[in-house]
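Colleague: Here it is, the structure, as structure tokens.
Each value in this text was obtained by applying a stated rule to the coordinates, not by laboratory testing. Remember, it's a predicted structure, so these values are computed and weren't measured experimentally. In this analysis, Cβ positions are derived from the backbone assuming ideal geometry, glycine residues included, and neighbour counts consider all displayed protein chains.
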Amino acid sequence: MNSGFIEAFSQIVRVKRVDKNTLVETIKASLVSAARRKLGQDADIQVHLDEAKGQLDIFRVFKVVDKVEDDAVELLLEDAKEIDEKAEIGGEVLEELSLEEFGRNAIQAAKQILTQKVREAERERTFEEYKDKVGVIISGTVRQIDRGNILLNLGRAEAYLPMREQIRKERYNQGDTIRACIVEVDKEIRGPQIIVSRASNQFLLKLFEQEVPEIFDGDVEIKRIAREPGGRSKIAVYSRSDKVDAVGSCVGMKGSRVQAVVNELHGEKIDIVNWSENINEFVSRALSPAKVSALRFNEAEGFVMAIVEDDQLSLAIGKEGQNVRLASKLTDWRITLTTVKEIEKRDKLEQKLQMDISEMVGVSARMAQKLKSVGILTVQKLYKTTLEELLEIDGIGQKTAERVKVLALETMEELNKALEDLLEKEKEIEEEEASKPLFDEDSLAPEVIKEEEEIVLTEEALFGDLAGDDRKKEDKTDPSGDADKTDGEAELEEPDDDEEEEDGEIPGADSEEIEPDEDEDSEK
């Protein structure tokens, strides 16, 4: 063959960075496969490659025999001498072959084998190069975007940034440069072997390592990370030296270090708190910027109730519950929030629901007396008492202790249900009170002035009442006038002069109306 093949061979070694010996063996194997597709699978094929001369030769090998049993690999002496005059029985002859003899299909198959082998060799090289770089931040250029998944060009390799490992607010275009952290290198999967991430906790940790020398040197350690990519993160840091402020080192002068990380994450907020072995301190710090008044732990169920003032509740919860959610992830405790006012109300109701141990169903008087003798006076106290502590009481065995604990659990469930019902009723009452207006809104409404009907002044309107009054007087004073008639149409008697004078008397303006007593009635 001509030297063009050798030049192509050298270019593959240089560009693909494939091992030279591996590529030589791959080329030989592909040409052998192509020859056997044409001449048969039993044919003995040899490939000789001379890089110095730029020569590549393909031979078919025959064994010289006096009687042919397998014509694929054996040849009679007469036929062998046509190939090589020096052929002898028991020896071998080499028949030179050219690629043109293989046919188009055979050459295409050889090309596919060569391509596959080179790709496998390249994948092996990539795996060996990057397998020890998990956790390292690399930079790549966006080569292709497919349904949100991004293929990055790293130069001599490719990396894959799945959608699940991206920050949800970020958008990229072809040609953009992306920094990400290697999270996995796998040579078994198809496609790109290097999986990178921008949403992992490891990426945030490595960014701080790059920006904070104290972390890189080991003086400051990032103990825990809780992150919601693109939204907010909380990190707990610890200083191994009394002379180094862990939080101050991460924040930097005027916030320069943490701001560099925030800019890389496109505005993701980061809270930095001091890590502590004291769980009370750690939970309180994790809920910052809110100030915690008190904490109540339930180690059996793995949750803690954080009590805050009313004006701190919204800070503790955070936007859409983000602050308390991240604090729970950071501390590995389920955190519930309540206010001082609510906890006082709950404590007051719990105090009302304290049940004497003798009132618990299923506990005999003798058992109640025994429990009271060791200070277990209420069901609530019994519920908090461990099984081991019950077994230390004289006269209580394993089975009895287990039954007592079951009874205590069932009773506490009922009491807690009653407590929740009471709290719900209290809440409904408060909401009802809050819904009432502070004052009567109708009192502030503008006064409605009724329009007075226009009165038409007529003679009848002016003097009609006076005429009616005169007629009434005439009816009363005229003896001939008809009085109002009853069923018997009796006539009224004419009043005495004295009575007329009494009727005509007008009391003074300042005098009060005096009710007559019994003596005045008798005189009349």
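Colleague: Among the listed pairs 223/352; 169/243; 206/319; 291/348; 223/427; 269/427, which have their C-alpha atoms separated by more than 32 angstrom in this model?
Modeller: Checking Cα-Cα distances, 223/352; 169/243; 223/427; 269/427 exceed 32 Å.
Colleague: Can you sort 374, 361 by how many other beta carbons sit within 10 Å, fewest first?
Modeller: Ordered from fewest to most neighbouring Cβ atoms within 10 Å, 374, 361 come out as 361, 374.
Colleague: Of all beta bridges DSSP finds with both residues in the stretch 276-340, what is the antiparallel percent, to the nearest 5?
Modeller: In the stretch 276-340, approximately 50 percent of DSSP beta bridges are antiparallel ones.
Colleague: Quick check on the stretch 163-230: take the gyration tensor over C-alpha atoms, sort the square-rooted eigenvalues as a ≥ b ≥ c, and tell me if it's rounded (a/c under 1.5), prolate or oblate.
Modeller: Since a/c reaches 1.5 and a/b is larger than b/c, the shape of the stretch 163-230 is classed as prolate.
Colleague: While we're on this one: Once the Cβ-Cβ distance between residue 95 and residue 119 is put in as r, and R0 is 30 Å, what FRET efficiency do you end up with, to the nearest 0.05?
Modeller: After rounding, the FRET efficiency stands at 0.40.
Colleague: May I pose another question? For residue 329 and residue 209, FRET efficiency with R0 = 22 Å and r from the beta-carbon atoms, rounded to 0.05?
Modeller: Once the sixth-power term is evaluated, E becomes 0.55.
Colleague: Sorted from fewest to most neighbouring beta carbons within 10 Å, what does the list 385, 336 look like?
Modeller: Least to most surrounded, the residues fall as 336, 385.
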